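Okay, structure first, notes after.
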2 protein chains.
Amino acid sequence: MAKQKKTAITPTRDENYPEWYQQVVRAAELAENSDVRGCMVIKPWGYALWENIQRGLDKMFKETGHVNAYFPLFIPKSYLEKEAEHVEGFAKECAVVTHHRLELGEDGKLHPAGELEEPLIVRPTSETIIGATFAKWVQSYRDLPLLINQWANVVRWEMRTRLFLRTAEFLWQEGHTAHETEAEAWEETRKMLEVYKTFAEDYMAMPVLTGEKTAGERFPGAVSTLCIEAMMQDRKALQAGTSHFLGQNFAKASGIQYAAREGDKEFAWTTSWGVSTRLIGGMIMTHGDDDGMVMPPRLAPSHVVLLPIIRQEEDREAILAYCNEIAAKLRTQRFHEREVEVVIDARDINAGEKGWGWVKKGIPVRAEVGPRDMANHSVFMARRDTGEKKGIDKDEFVATIAQTLEDIQQGMLQKARDYRAAYTREFDSYDEFVAFFTPENKERPEAHGGFAMSHWCDGSACEDKISDDLSVTIRTVPFDRAESGAGQCVCCGKPSSGRVVFAKSY
Amino acid sequence: MAKQKKTAITPTRDENYPEWYQQVVRAAELAENSDVRGCMVIKPWGYALWENIQRGLDKMFKETGHVNAYFPLFIPKSYLEKEAEHVEGFAKECAVVTHHRLELGEDGKLHPAGELEEPLIVRPTSETIIGATFAKWVQSYRDLPLLINQWANVVRWEMRTRLFLRTAEFLWQEGHTAHETEAEAWEETRKMLEVYKTFAEDYMAMPVLTGEKTAGERFPGAVSTLCIEAMMQDRKALQAGTSHFLGQNFAKASGIQYAAREGDKEFAWTTSWGVSTRLIGGMIMTHGDDDGMVMPPRLAPSHVVLLPIIRQEEDREAILAYCNEIAAKLRTQRFHEREVEVVIDARDINAGEKGWGWVKKGIPVRAEVGPRDMANHSVFMARRDTGEKKGIDKDEFVATIAQTLEDIQQGMLQKARDYRAAYTREFDSYDEFVAFFTPENKERPEAHGGFAMSHWCDGSACEDKISDDLSVTIRTVPFDRAESGAGQCVCCGKPSSGRVVFAKSY
């Protein structure tokens, strides 16, 4: 039996994937649970990652004509009730504010007092409150399109929570737009999905499939929900972003009407679209390995850590000066949309422990600097993605850093693409389809799960049966579904216009 | 009688200052009231201003060693109760979450259901929830100092609200730090006040006084509250930012303990400091005039608007091309920490109305571009701050834009300094002090209010009497109080170590 490689994370992905995930979040110092049920604390390293995600997306939103604004945290209950499907979708898991002060009771304790006439819901999403505002802002077709985005916190009272993936409170952006015509609203819905796909692939190095959700998986109140779906390393799908075509449903519920070019009053056509801190969960599960997090350089909070190795106290000053000199030169280099960001970790702790700390945090490049490196005008660099280590001349290190980071970025994307390709299979037989998703079936190599590209009759009966039997759902109906050719539903055998994507999911 | 100048805002500042303020907020499209009591909608122009405030402050926080993180929106009631003064300060005005879903009742309506075992408070400030986290993060003196900032929304259930100045929900940043020694925590408290002062003056062009609050005006639970105070154009004071030395009060309440260098367990020393969207209210009331908002260039969402004047349709293409050329050249220029930001407003609406729209929004520079300007290779520029208008060669316009913006920035700061100086007076007689704050006393020129620099015996009885009689409070006890020399309390005549700042306030 081969000697087991020692890993920084226990258990490994193969041993216990969900537990591995929690341990990576912890070891990488990205987030932790708070004492408030389901609410997380996003730690500085995790929040810096979120700030970079925000910066990248915000730029893309602004380039596509959107502006930011801010709307109330609270939604009157009556607003939520305006759209029937919408309220049904969110009523079961919302935080309700009923009082506006605390008062000392006879038991010497503080109790809620000052009951509100109408309860307020902490926003789970803002279609209704933003809709009410849009109704005031939109008078004429000249006021359209209205292209607004909000960065905010939202609350959905989930019963089973997991850091980043499903938390009671999370951070997100929600785009809300209103248009003159159905066609323009559809164009916006598709355009923002494309922005999400570009961001996922170009920044996060996380390949995604795009398509439409089935009726059962739609956003409550939407006419159509488009999505990006990524494959995690346990072969489950993660819904990483959604873009909703809302038709005139919310415009009618909120009264968003405009004087049309011909003079009649018309209801606007609206869209909404969002991604959240869940993206961080997606990055961990796409790139993390058994030593912890691996950060894609375009989003990494820092690109390079310099690790001074001080074995004798008399070397300290010279080595730190050498590190400062290299750091200053690295910072003059640009990578992607910012300067190369460098940390010098001169903490006086065990060198091995210090180095592993940065491995677990996933910083793209580490460079050790000891007396011998200094004498050789070099550093000893390590790439987090491949594990490759080598001594390199310090000037070459600086001159090639941007290319190194770009190689890492592209390598990570390619690796994730290859992984997805390896676990995406076409199935036409229901037995094989079932076997694919039955992990206890260890002797069958295909029983590893993944994305099953199979035909579907468009019937909810088959969708429900597959969900009940296997906990497998249709993740997305590809836009180019027809290109896979017609066939028979993998479940019932009725005609299908093309394959759709089945998977287990988060 | 001189002909009254027509103003864009009605009423003027002199006619009705509070109403003038509301009208400027509205006319400048900064914010509006929502249907949710006390919660505002921050409109795109106002939010872009807030984003610039955030960018400027965030940079200064990071330069002083702080990192951002994010903590839960909800605070368990028991956490708030850990610090006695703290809970007393906030219990009267907090939003209380008592249920976690809505359920259909027999009346066919949705009612709160799923009562929580312990009510949750929507954070009015985060000392207690962040303290609980710090207690986990801090083990040893090596973990200190802990220098954290959070950008977040907070809720205080104010009964009388006013856009930006006092709203139930507002946006802010709250710094929270923990230190090994009392001296270090004090140094941090003072350092962050200095950051706020620098930001207020260098970015907002709003001069501020610094000092300490009296015991009665302290943050609930703090040992000492330092503040920056600015004078508005109605001569009232606005508390624009606070920095609190919390001693060991919250460390004891939350159990933030560390193993000291000598090995004993010690409680940490903590600070907190914050500024909010109230700063926008301060900018409006410092710089706004009877034509609307005046934006300090370093924070203005855009610096320059180009206004094409198209009188004949056949000129349109050429004029727009000319505008695009100038805009492109302007955007190559840098001002302060960013590129010059330019809008071309080519909307097909009345030219006068369009120009006045930008006056009201307070953009620093407007430039009209008509056929004659194009023929002369010039533009017709107007400065928002001085109202100065002139034709200027287009290349000179571009080459001098950064200097023009800097002139505006410095001119605004100087004007605000002069205003404050004009309405800051020393009073040693209580009669004169009273007259100063008695506006009905129209025939007395000093009866305009402002900052009264007067002696105080340090007694709360005099402080209360002045507050009761005149609604005037001690805004701040200057750090250099002693420099004004000893004297007698303006109210009771007892000895005073130096003058303090009295004013009416927001």
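The values are calculated or read from the model by the stated rules, or taken from the named source; none is laboratory data. In this text, all values refer to a predicted model and were calculated from it rather than measured experimentally. Because the Cβ atoms are built from the backbone with ideal geometry, glycine has one as well, and the counts that use them run over all protein chains shown.
Take residues that are among the hydroxyl-bearing types (Ser, Thr, Tyr) and surrounded by 20 or more Cβ atoms within 10 Å (Cβ to Cβ) and tell me which of the strands (runs of 3 or more DSSP E) falling wholly in the stretch B:247-304 contain 3 or more.
Output list reads B:269-276.
I'd like to verify a number: residues in the stretch A:203-221 that are within 30 Å of A:Ala91 (Cα to Cα) and touching a residue at least 40 places away in the same chain (Cβ under 8 Å), how many?
11
In the stretch B:261-298, what count of residues is obtained for those that are over 29 Å from B:Ile363 (Cβ atoms) and touching a Leu at 6+ places or on another chain (Cβ under 8 Å)?
Total meeting the criteria: 6.
Only one of these conditions is not met by B:Val398: (1) within 26 Å of the chain's Cα centre (by Cα); (2) β-branched (Val, Ile, Thr); (3) surrounded by 18 or more Cβ atoms within 10 Å (Cβ to Cβ). Which number is it?
With (1) within 26 Å of the chain's Cα centre (by Cα); (2) β-branched (Val, Ile, Thr); (3) surrounded by 18 or more Cβ atoms within 10 Å (Cβ to Cβ) applied to B:Val398, the lone miss is (1).
Could you check, for the stretch A:168-175, whether at least one of its residues is in a loop (DSSP other than H, G, I, E, B), more than 10 Å from chain B (Cβ to nearest Cβ) and either under 17 Å from B:His111 (Cα atoms) or not aromatic (Phe, Trp, Tyr) (or both)?
No; the residues of the stretch A:168-175 include none that is in a loop (DSSP other than H, G, I, E, B), more than 10 Å from chain B (Cβ to nearest Cβ) and either under 17 Å from B:His111 (Cα atoms) or not aromatic (Phe, Trp, Tyr) (or both).
So which residues in the stretch B:355-367 are surrounded by 19 or more Cβ atoms within 10 Å (Cβ to Cβ), of a type outside the set (A, V, I, L, M) and in contact (Cβ under 8 Å) with a residue 40 or more places away in the chain?
Within the stretch B:355-367, B:Trp358, B:Lys360, B:Lys361, B:Gly362, B:Pro364, B:Arg366 qualify.
Please count how many residues of the stretch A:194-230 are part of a loop (DSSP other than H, G, I, E, B) and aliphatic (A, V, I, L, M).
So the count comes out to 6.
Please specify each residue of the stretch B:124-145 satisfying the condition of being touching a Phe, Trp or Tyr at 6+ places or on another chain (Cβ under 8 Å), more than 10 Å from chain A (Cβ to nearest Cβ) and not β-branched (Val, Ile, Thr).
B:Pro124, B:Ser126, B:Glu127, B:Gly131, B:Gln139, B:Ser140, B:Tyr141, B:Asp143, B:Leu144
The rows are residues; the columns are (1) modelled with pLDDT of 95 or more; (2) farther than 16 Å from A:Ala503 by Cβ; (3) not acidic (Asp, Glu).
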residue: A:Ala222; (1), (2), (3): yes, yes, yes
residue: A:Leu226; (1), (2), (3): yes, yes, yes
residue: A:Glu229; (1), (2), (3): yes, no, no
residue: A:Lys236; (1), (2), (3): yes, no, yes
residue: A:Gln239; (1), (2), (3): yes, no, yes
residue: A:Gly247; (1), (2), (3): yes, yes, yes
residue: A:Gly255; (1), (2), (3): yes, yes, yes
residue: A:Arg261; (1), (2), (3): no, yes, yes
residue: A:Lys265; (1), (2), (3): yes, yes, yes
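Which of the numbered conditions does B:Val208 fail, given that it passes all the others? Conditions: (1) within 11 Å of chain A (Cβ to nearest Cβ); (2) modelled with pLDDT of 95 or more.
With respect to (1) within 11 Å of chain A (Cβ to nearest Cβ); (2) modelled with pLDDT of 95 or more, B:Val208 is out only on (1).
Here is a check on your reading of the model: is B:Ser497 under 27 Å from B:Glu158 (Cβ atoms) and surrounded by fewer than 18 Cβ atoms within 10 Å (Cβ to Cβ)?
No, not satisfied.
When you go through B:Gly247, B:Gly274 one by one, which is the residue that is touching a residue at least 24 places away in the same chain (Cβ under 8 Å), small (Gly, Ala, Ser), touching a helix residue (DSSP H, G or I) at 6+ places or on another chain (Cβ under 8 Å) and assigned by TED's automatic domain parsing to the domain that holds B:Thr167?
Just one listed residue meets the conditions, B:Gly247.
Applying the selection to the stretch A:21-47, what residues are assigned to a helix (DSSP H, G or I) and either at the interface with chain B (Cβ under 7 Å from one of its Cβ atoms) or surrounded by 23 or more Cβ atoms within 10 Å (Cβ to Cβ) (or both)?
Hits for the stretch A:21-47 are A:Tyr21, A:Val24, A:Val25, A:Pro44, A:Gly46, A:Tyr47.
Where residues in the stretch A:137-167 are among the aromatic types (Phe, Trp, Tyr) and touching a helix residue (DSSP H, G or I) at 6+ places or on another chain (Cβ under 7 Å), which of them is surrounded by the fewest Cβ atoms within 10 Å (Cβ to Cβ)?
The residue in question is A:Trp137.
From B:Leu80, B:Leu116, B:Leu104, B:Leu163, which residue is touching a residue at least 24 places away in the same chain (Cβ under 8 Å) and either more than 23 Å from the chain's Cα centre (by Cα) or within 11 Å of chain A (Cβ to nearest Cβ) (or both)?
Exactly one of B:Leu80, B:Leu116, B:Leu104, B:Leu163 is touching a residue at least 24 places away in the same chain (Cβ under 8 Å) and either more than 23 Å from the chain's Cα centre (by Cα) or within 11 Å of chain A (Cβ to nearest Cβ) (or both), namely B:Leu80.
Which one of these is small (Gly, Ala, Ser), within 7 Å of another protein chain (Cβ to nearest Cβ) and within 23 Å of the chain's Cα centre (by Cα): A:Ala69, A:Ala95?
Testing whether each residue is small (Gly, Ala, Ser), within 7 Å of another protein chain (Cβ to nearest Cβ) and within 23 Å of the chain's Cα centre (by Cα) leaves just A:Ala69.
Among residues belonging to the stretch A:83-92 that are more than 7 Å from every other protein chain (Cβ to nearest Cβ) and surrounded by fewer than 18 Cβ atoms within 10 Å (Cβ to Cβ), point out the one that is farthest from the chain's Cα centre (by Cα).
A:Ala84
Taking the stretch A:305-326 only, how many residues are part of a loop (DSSP other than H, G, I, E, B) and of a type outside the set (A, V, I, L, M, F, W, C)?
Adding up the residues that qualify gives 2.
If the Cβ limit is 7 Å and pairs must be 6+ apart or interchain, which residue in the stretch A:314-334 that is over 16 Å from A:Asp345 (Cβ atoms) pairs with which residue that is assigned to a helix (DSSP H, G or I)?
Correct list of pairs: A:Asp315/A:Pro371; A:Ala318/A:Met374; A:Lys329/A:Val398; A:Gln333/A:Val398; A:Gln333/A:Ile401; A:Gln333/A:Ala402; A:Arg334/A:Ala402.
Condition first: out of contact with any Cys (no Cβ under 7 Å at 6 or more places or on another chain), at positive phi and not assigned by TED's automatic domain parsing to the domain that holds B:Gly493. Can you find one or more residues in the stretch B:368-386 that meet it?
Yes, the stretch B:368-386 contains a residue that is out of contact with any Cys (no Cβ under 7 Å at 6 or more places or on another chain), at positive phi and not assigned by TED's automatic domain parsing to the domain that holds B:Gly493.
Find the residue count for the stretch B:294-327, including only residues that are over 35 Å from the mean Cα position of the chain (by Cα) and among the aliphatic types (A, V, I, L, M).
Residues meeting the conditions: 6.
Sort out which residues of the stretch A:9-20 are in a loop (DSSP other than H, G, I, E, B) and crowded, with 17+ Cβ neighbours inside 10 Å, and write them in order of number.
Answer for the stretch A:9-20, where residues must be in a loop (DSSP other than H, G, I, E, B) and crowded, with 17+ Cβ neighbours inside 10 Å: A:Ile9, A:Thr12, A:Arg13.
When you look at A:Val96, is it aliphatic (A, V, I, L, M) and at pLDDT below 90, yes or no?
no
Residues in the stretch B:154-196 that are closer than 18 Å to B:Ile280 by Cβ, touching a Gly at 6+ places or on another chain (Cβ under 8 Å) and of a type in the set (Phe, Trp, Tyr): how many?
3
Can you name every residue in the stretch A:168-202 that is farther than 28 Å from A:Ala95 by Cβ, crowded, with 17+ Cβ neighbours inside 10 Å and not acidic (Asp, Glu)?
Selection gives A:His179, A:Ala185, A:Trp186, A:Thr189, A:Leu193, A:Val195, A:Lys197, A:Phe199, A:Ala200.
Which of the residues spanning the stretch A:48-66 are touching a residue at least 40 places away in the same chain (Cβ under 8 Å), within 11 Å of chain B (Cβ to nearest Cβ) and more than 18 Å from the chain's Cα centre (by Cα)?
A:His66
Please pick out the residue among B:Arg475, B:Arg481, B:Arg444 that is modelled with pLDDT under 95, of a type in the set (D, E, K, R), out of contact with any Pro (no Cβ under 7 Å at 6 or more places or on another chain) and closer than 30 Å to B:His287 by Cβ.
None of the other options fit; the residue is B:Arg444.
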